[in-house]
Amino acid sequence: MEKRVRHASFHGFLRLIRGRWMMAVVSLYILFCSGATYIFGIYSGAIKSSLGYDQQIINTISFYKDLGANVGIISGLMNEVLPSWTVLAVGGGMNLLGYLMVWLAVTNRIARPPLWQMNVFIFIGANSQTFANTGVLINFVKSFPHGRGEVLGILKGCVGLSGAIFTQLYHAIYGENTTGVILLIGWLPTLVTLMFMIFIRPMAPVEDKQEKRNFYYLLYLALLLAAFLTLAIVLENLLSLSSAAYQVLGAITLLLVISNIAAGVQAERGLVAQLKQRDKPGTALSELSTTPREQKGEEKPSTECTLAVDHVINDKRKPMVGVELGKSSCSPSETLDSAASVDVLKNEKLSTKPKFITKLMLFYKAWPKRGEDFSIPHALLSLDIWILFFAVTCGVGTTLTAIDNMGQIGESLGYSKVGISTFVSLISIWNFLGRVISGFGSELLLRRYNIPRPLVLTVVLAFSCVSHILIAFPSKGTLYIASVIVGLCFGAQWPIMFAVISELFGLKHYATLYNVAAIASPVGSYFLNVKVAGYLYDRETHRQYMRMALLNTIHVDTMAPAPAPAMVRGGSAACMGPECFRLTFVIMTIVCGCGSLVSLWLVLRTRKFYSQDIYAKFRIVQTEGNEAQDK
């Protein structure tokens with residue numbers, strides 16, 4: 001008897017740690033350590049001064065950082081054919097290798113590498129973020145596919161909050177040594193990923209009555225963590241804290257992160273209790289697998305209709321003659337016969353055309369509707385995805401330019417190192433809040449009021465113009481407000497974009513399309529951050545030197561061989577004054593406004609699609625899958 005009890009307890013423990021809610025918790029742990037690219041503003045100054053780079057070179061390194069953090073095609077394709085733990089393991093190794101080499105170069109433990117090697121190092125380290133995001137996020141969305149806005153909001157929010165977490169841990173471990181943060185982001189994410197990667201795996205969706213409530217528990221814990229980090233930032237700016245105080249703040253931060261396991265255990269126990277209740281004799285199966293449509297008193301679609309829907313979903317090349325979704329006007333056998341006869345007639349007509357033209361016509365006729373599973377070629381040739389890509393390129397590119405240059409912006413306006421660290425932390429916290437608010441908020445607006453997600457994206461892009469204007473024309477304290485708006489708007493764009501992609505193009509090839517869309521970030525970063533911000537900053541730096549040279553009656557010819565900066569900090573050029581970034585962020589305002597207008601075009605194109613119940617098909621398929629599994 002005692003042995004049986006121990007066996008049952010062990011079996012229950014295994015079921016608990018292998019459940020999908022425990023997978024959710026360890027997913028959050030991995031993502032809490034996957035946002036090292038968002039604190040580039042903290043350690044970019046150390047790279048600049050140690051290696052003697054100018055601002056355009058720093059922005060070039062930042063571009064390769066953004067390129068690595070968002071070009072995840074390889075991780076997406078690996079996730080299609082390999083287990084998730086292999087994707088995460090590769091990402092962990094790349095993270096350690098890339099950032100460790102950057103740290104060795106900055107601390108002069110290796111010979112000063114050429115610029116192309118630094119670009120490779122930062123690319124490898126940042127590219128590990130795509131492996132972590134792909135390995136975790138794709139499995140998470142497929143395990144919880146119904147509330148995609150909420151799922152993406154909490155997941156991407158954790159990535160956004162990781163910057164503030166890293167900042168607190170770095171102060172607790174390394175104090176004010178900015179090179180220490182490079183080492184921290186090298187070993188910590190790798191350690192966490194290797195510890196928890198075995199828990200990440202694809203799991204079938206399950207009807208869970210408490211699913212939304214459990215997500216809100218995780219959200220409340222994340223909001224509590226964000227509130228504490230905000231309090232820590234305020235204390236660090238108002239008081240002169242000792243190293244012991246920083247260590248206490250770091251320890252509390254770590255405990256708040258770990259506390260998510262309590263919500264995961266509670267959620268998993270509740271799900272197990274529901275499954276046991278369902279398995280009890282006399283319990284009606286329909287009571288536990290009832291869809292929201294049935295709860296409202298609507299009839300469940302008939303077998304004929306369900307088969308027709310499945311036929312349309314699984315084989316889009318066969319048109320359904322005489323079948324209207326939601327009605328059972330014909331039997332499944334009649335429908336299949338009719339579809340087959342129509343295919344024969346169409347194939348006879350196509351056989352008389354050249355082979356290439358025939359393939360093009362078949363490709364065009366097989367074009368799926370919005371909401372169905374697109375193939376990768378169909379999705380990439382869709383106008384919708386390119387409109388979305390351009391709009392997000394403008395929005396993410398402009399806000400990312402502000403994030404990556406926040407250290408230099410604060411320096412040019414005379415802020416201290418603590419103040420610059422505060423800007424980076426504020427951006428990280430509001431980056432998290434932007435992702436959570438846009439994810440949960442867009443889901444709520446869509447379900448209750450049929451407000452399409454692209455419209456929310458349009459509003460976000462328009463609002464981000466305010467932050468660019470505040471940076472272009474700063475006054476006392478406005479940089480704090482700008483940091484909040486930049487973080488909020490940058491974070492808000494990601495859950496909306498990824499949710500729109502999953503809704504318009506389906507989940508079949510979501511891993512690849514997710515990573516294709518993320519390329520918008522490095523594209524925007526290259527043109528706006530490197531070619532605009534870096535160039536204009538260095539031009540203003542040289543102009544200030546010329547002005548100082550004339551005031552000191554130094555002949556221009558003496559400057560020509562080696563032009564010096566207006567001010568020198570740690571051996572690198574530094575521009576001072578609001579004019580250093582004024583023209584840059586006037587341009588950012590115009591670009592972001594154009595992105596908002598383009599996003600409005602997508603709103604008009606998809607308004608009919610978002611006016612319907614876009615999750616109705618999923619609820620039918622999921623309910624039938626649960627019934628088949630029970631049988």
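Readers should treat all values here as calculations from the given coordinates under stated rules, not as data from a laboratory. Since this is a predicted model, take the numbers as computed values, not measurements. Note: ideal-geometry Cβ built from the backbone for every residue, glycine included; neighbour counts use all protein chains shown.
Convert each backbone phi in the range 534-539 into a coupling constant with the Karplus relation 6.51 cos²θ - 1.76 cosθ + 1.60 (shift: θ = phi - 60°), then list the ³J(HN,Hα) values in order as whole Hz, x for Gly and Pro.
After applying 6.51 cos²θ - 1.76 cosθ + 1.60, I find x, 5, 5, 5, 5, 5 Hz.
Determine ³J(HN,Hα), in whole Hz, for all residues of the range 91-103 in sequence, where each value follows from phi through the Karplus function 6.51 cos²θ - 1.76 cosθ + 1.60 and θ = phi - 60°; x replaces Gly and Pro.
Ordered by residue, 3J(HN,Hα) equals x, x, x, 5, 4, 5, 5, x, 6, 5, 5, 4, 5 Hz.
Evaluate E = 1/(1 + (r/R0)^6) for Leu383 and Tyr217, where r is the Cβ-Cβ distance and R0 equals 35 Å; express this FRET efficiency to the nearest 0.05.
Approximately 0.30, to the nearest 0.05.
Find how much the distance from Arg539 to Tyr364 grows on full extension, using 0.36 nm per residue of separation minus their present alpha carbon separation; answer in nm with one decimal.
58.0 nm
Out of residues 5 or more away from Ser375 or on other chains, whose amide H comes under 5 Å of its own, with H placed 1.01 Å from N in the peptide plane?
none
So what's the net charge close to Ile138: Lys and Arg +1, Asp and Glu -1, counting the other residues with Cβ under 15 Å from its Cβ?
Overall, the nearby charge balance is +4.
Go through the range 34-51 residue by residue and turn each phi into a ³J(HN,Hα) via Karplus (6.51, -1.76, 1.60, θ = phi - 60°); whole Hz please, and just put x for glycine and proline.
Each residue of the range 34-51 in turn: 10, x, 4, 5, 7, 10, 4, x, 6, 9, 5, x, 5, 5, 5, 6, 5, 9 Hz.
Using the count of nearby Cβ atoms within 10 Å as a rough guide to exposure, how do Cys594, Cys394, Cys465 rank from fewest to most?
Placing the least packed residue first, the sequence is Cys594, Cys465, Cys394.
Measuring from label point to label point, each 7 Å out along Cα→Cβ, what is the Ile261 to Ile198 span in nm?
1.5 nm
For each of Leu461, Leu77, Leu400, count neighbouring Cβ atoms within 10 Å of the residue's Cβ, then give the residues from fewest to most.
Leu77, Leu400, Leu461
To make sure I understand, if each residue's beta carbon is the centre and we count other beta carbons within 10 Å, what order do Ile357, Ile409 fall in, fewest to most?
Ile357, Ile409
Spin-label point model (7 Å from Cα, Cβ direction): what's the Ile376 to Glu80 distance in nm?
It works out to 0.3 nm between the two label points.
At R0 = 22 Å, how high is the FRET efficiency between Phe527 and Phe463 if r is their beta carbon distance? Nearest 0.05 is fine.
Computed FRET efficiency for Phe527 and Phe463 comes out at 0.50.
If amide H atoms are built 1.01 Å from N in the plane of the peptide, which residues on other chains or at least 5 residues away come under 5 Å of the amide H of Ala574?
Amide H neighbours of Ala574: Ala566, Met567, Arg569.
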